[in-house]
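Reading through the structure tokens given below for one structure.
The values are calculated or read from the model by the stated rules, or taken from the named source; none is laboratory data. Computed from a predicted structure; not experimentally measured. Reconstructed Cβ throughout: ideal geometry from the backbone, glycine too, with neighbour counts over all protein chains shown.
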Amino acid sequence: MSLWLLLKAFASGCTAMTGVEAVSNGVAAFREPVVQTARRTLTTIIALLALMLLGIAYLCRAYHIGAVEPGPGYQSVLSQLTAAVVGRNVLYLLTIGSVLLVLSFSANTAFADFPRLCRLIAQDGYLPAPLAERGRRLVYTWGITTLALLCAALLILFGGVTDRLIPLYAVGAFLAFTLSQAGMVGHWRRKDGSRLAICLNAIGAFATAATLIIVTITKFLTGAWITTLLIPLIMILMFSIRRHYDRVHAQLSHAAALDLTERKEPIVVMPMMAWTRVSRAGLQFAFNISSEIHVLHVSTEEGDKEFSNDWRKAVEGPLHESGQAMPKLIVLRSPYRFVIGPIVDYALALEEKNPGRQIAVIVPELVERGWYLNFLHNRRATWLKAALLMKGNRRVVIINVPWYLDR
């Protein structure tokens with residue numbers, strides 16, 4: 001039992017030491033001489049941290065303060081200690097507020113470094129490409145948003161209790177320390193570095209690896225099992241993303257030269273529910289690119305008679321007078337009021353019957369000036385484009401013809 005308590009105390013103490021690595025991550029931000037300034041800063045932080053840990057341990061023993069199980073009426077050791085020393089007055093509120101402020105600043109380091117780390121990994125193809133792109137405010141917006149959502153999920157899942165969250169952080173942190181120290185050993189060996197440097201980093205790798213094992217064992221049931229499970233899953237996911245990008249690159253690269261020997265106009269397919277200014281703009285554009293046009297009208301038995309009258313007056317009449325070819329009007333019956341499915345099926349069937357031709361599906365779309373007004377209209381055009389993208393192939397082309405409403 002004594003050995004187990006010693007190991008748990010060692011794990012908790014090492015976890016409290018995490019965070020000092022933020023100095024090494026931000027060495028480039030120090031003034032000249034950079035190395036000496038960073039060393040002094042790191043030494044000062046470690047000394048203050050050790051002093052505060054010893055002081056807290058002594059005061060806890062003097063005031064008989066111990067950890068409280070998370071639950072109703074939960075108080076951290078710092079809250080109990082501050083209340084015992086100064087009482088619950090303005091100084092107590094000032095101290096707890098200062099602790100909250102310090103924790104907020106320390107949390108900001110993750111939002112500064114995590115997006116940059118994701119950018120480096122995304123540039124190597126092991127994370128989604130949007131994580132490597134800067135947003136409008138010249139920050140990696142996708143990385144910040146991802147971290148914010150993950151943090152919110154963890155806080156909600158664990159009820160914001162730090163005792164449950166620390167094991168999640170400790171395993172990942174000490175694994176990173178171990179890998180970095182071992183990497184430095186390999187670096188010094190390749191660069192024929194001094195034996196002292198190799199020994200120091202080897203001792204560091206051994207110490208952090210031992211700490212990692214102890215933290216994982218002692219805090220496994222209190223939350224470390226989640227990180228132990230997530231790390232290999234994340235690695236598998238990253239390698240899967242890299243394989244996906246390799247497969248995409250293999251299919252998109254080494255394109256042949258442009259071939260202009262055989263040029264055929266596409267077969268145009270255009271859905272039309274009613275004769276409006278929007279559908280008129282789409283049909284006008286269809287005549288600009290092809291003489292073979294299939295107009296699809298999905299019949300739901302409501303408004304069919306009105307549509308037939310409009311078609312004869314607005315389309316057939318002008319085309320007869322001008323002597324141009326008449327587009328094919330295809331009426332698709334849909335007794336259950338399905339609109340998108342029959343259109344997609346017709347376009348795919350037409351593509352199969354014409355293996356040497358492209359099928360251009362024209363999608364007229366109403367565009368509101370205010371984005372919030374789009375919720376007042378059905379989104380059939382959007383769903384139709386999504387269905388064609390999911391079910392179509394390389395010979396099915398989608399052309400959007402927008403009609404902008406005036407203010």
Which numbered condition in (1) under 38 Å from the mean Cα position of the chain (by Cα); (2) loosely packed, with under 11 Cβ neighbours inside 10 Å; (3) under 27 Å from LEU175 (Cβ atoms) is the only one that ALA11 fails? (2)
Every residue from region 179-196 that is touching a residue at least 12 places away in the same chain (Cβ under 8 Å) and either of a type in the set (Gly, Ala, Ser) or touching a Ser or Thr at 6+ places or on another chain (Cβ under 7 Å) (or both): GLN181, ALA182
When you look at THR18, is it surrounded by 13 or more Cβ atoms within 10 Å (Cβ to Cβ) and in the same structural domain as LEU212 (by TED's automatic domain parsing), yes or no? yes
Conditions (1) free of Cβ contacts under 8 Å to residues at least 60 places away in the same chain; (2) crowded, with 18+ Cβ neighbours inside 10 Å; (3) among the aliphatic types (A, V, I, L, M); number of the one not met by LEU150: (2)
Residues within region 289-348 that are part of a loop (DSSP other than H, G, I, E, B), among the aliphatic types (A, V, I, L, M) and either touching a residue at least 12 places away in the same chain (Cβ under 8 Å) or touching a Gly at 6+ places or on another chain (Cβ under 9 Å) (or both), tallied: 2
Are any of the residues in region 100-117 β-branched (Val, Ile, Thr) and either closer than 21 Å to TRP225 by Cα or exposed (fewer than 14 other Cβ atoms within 10 Å of the Cβ) (or both)? yes
With ILE226, ILE241 as the choices, which residue is modelled with pLDDT of 90 or more and closer than 26 Å to ILE121 by Cα? ILE241
